[in-house]
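Read the structure below first, then the notes.
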Amino acid sequence: MAFELIDLPYEDTALEPAVSAKTLSYHHGKHHKAYIDKTNAAVEGGDLADKSLEEVIAAARGSDQGLFNNAAQSWNHGFYWHSMAAKETSASDELKSMIDEAFGSIDGLKDKLKERGAGHFASGWVWLAVKDGKLSIEETHDGDTLADQDGVTPLLVIDLWEHAYYLDHQNARPSYLEAVSSKLDWSFASENLARGTTWQYPG
Ligand code: MN
């Protein structure tokens, strides 16, 4: 069974002006689709053909960098689309109290995400995750992912690759981070926290 390009969970204009429909048409319709297509082509007919995307990622890590990059990018983008919302969302009481303890407030957390995202060198991802039972901001480089990491539950992610923001914000990554931090889906983060296990790519 082949992996599919999941639909965006909102209209393509829903995140404007933070992320435009034009950006989504390329980012979702071209970049994410290419990662899915390449993952499917690499696993077709082999031992991993019937595995979940998370299993493919774990199997390819450290042994097949090309497949790992495409599978992890397929997962990361699915998680990223769900990390943003068209409407204002709110954190559960459980998440809110963990945020207050770790960062003082949601605004304090947003400031840290913006700071770490702006400071991340070159392409990658900045995450809010639960690590060893505590909230933590994590960074992964290039196509790397938290999807298969033991003891880590990702709650939200922001794409730091230039293709995520160049059409809308040009080289100003801090402007993108400022805009996108107001679109984060705190309901999705709360669901991930409550479940306590890592989100699964639909399929
Ligand atoms: Mn991307």
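The values are calculated or read from the model by the stated rules, or taken from the named source; none is laboratory data. All values derive from a computational prediction rather than experimental measurement. Methodologically, a virtual Cβ is constructed for each residue, glycine included, from the backbone with ideal geometry; neighbour enumeration extends over all protein chains shown.
Can you work out which of the residues in region 1-51 that are among the hydroxyl-bearing types (Ser, Thr, Tyr) and part of a loop (DSSP other than H, G, I, E, B) is farthest from Pro174 (Cα to Cα)? Spell out the reasoning first.
So in region 1-51, the residues among the hydroxyl-bearing types (Ser, Thr, Tyr) come out as 10, 13, 20, 23, 25-26, 35, 39.
Right, trim to part of a loop (DSSP other than H, G, I, E, B) and you get 10, 13, 20.
Working: Tyr10: 24, Thr13: 21, Ser20: 16 Å.
Top of the filtered list is Tyr10.
Considering only region 52-80, state which residues are assigned to a helix (DSSP H, G or I), out of contact with any strand residue (DSSP E or B) (no Cβ under 7 Å at 6 or more places or on another chain) and among the hydroxyl-bearing types (Ser, Thr, Tyr). Before the answer, list the steps.
Let us first name the residues in region 52-80 that are assigned to a helix (DSSP H, G or I), namely 53-60, 65-80.
Subsequent filtering for residues that are out of contact with any strand residue (DSSP E or B) (no Cβ under 7 Å at 6 or more places or on another chain) retains 53-60, 65-75, 77-78.
Residue satisfying the conditions is Ser74 alone.
Number of residues in region 36-72 that are without any contact (Cβ under 8 Å) to a residue 60 or more places away in the chain and in contact with a Ser or Thr (Cβ under 6 Å, 6 or more places away or on another chain): the value is 3. The set of residues in region 1-43 being surrounded by 16 or more Cβ atoms within 10 Å (Cβ to Cβ), among the polar types (S, T, N, Q) and over 15 Å from Tyr165 (Cβ atoms) consists of Thr39, Asn40. Looking at region 26-54, which of its residues are within 19 Å of Asp148 (Cα to Cα) and among the acidic types (Asp, Glu)? Scanning region 26-54 gives Asp47, Asp50, Glu54. Here Asp148 fulfils each of the conditions (1) touching a residue at least 40 places away in the same chain (Cβ under 8 Å); (2) within 16 Å of the ligand (Cβ to nearest atom); (3) buried (at least 20 other Cβ atoms within 10 Å of the Cβ) apart from (2).
Suppose the filter is away from the ligand (no atom under 16 Å from the Cβ) and modelled with pLDDT under 95; does Asp47 pass it? Write out each step before concluding.
Details: away from the ligand (no atom under 16 Å from the Cβ): yes; modelled with pLDDT under 95: yes.
Yes, satisfied.
Out of Gly143, Gly133, Gly119, one residue alone is modelled with pLDDT under 95 and over 22 Å from Leu15 (Cα atoms). It is Gly133. Taken over region 69-100, the residue count meeting the criterion of being away from the ligand (no atom under 16 Å from the Cβ) and of a type outside the set (Lys, Arg) is 14.
When only residues in region 159-203 that are of a type in the set (Asp, Glu) and within 16 Å of the ligand (Cβ to nearest atom) count, which is surrounded by the most Cβ atoms within 10 Å (Cβ to Cβ)? Per the stated criteria, the residue is Asp159.
Taking region 128-145 as the range and being touching a helix residue (DSSP H, G or I) at 6+ places or on another chain (Cβ under 9 Å) and more than 15 Å from Ile99 (Cβ to Cβ) as the test, the residues that pass are Glu138, Glu139, Thr140, Asp142, Gly143, Asp144, Thr145. Residues of region 58-67 include at least one that is over 14 Å from the mean Cα position of the chain (by Cα), buried (at least 21 other Cβ atoms within 10 Å of the Cβ) and either closer than 14 Å to Asn192 by Cα or away from the ligand (no atom under 16 Å from the Cβ) (or both).
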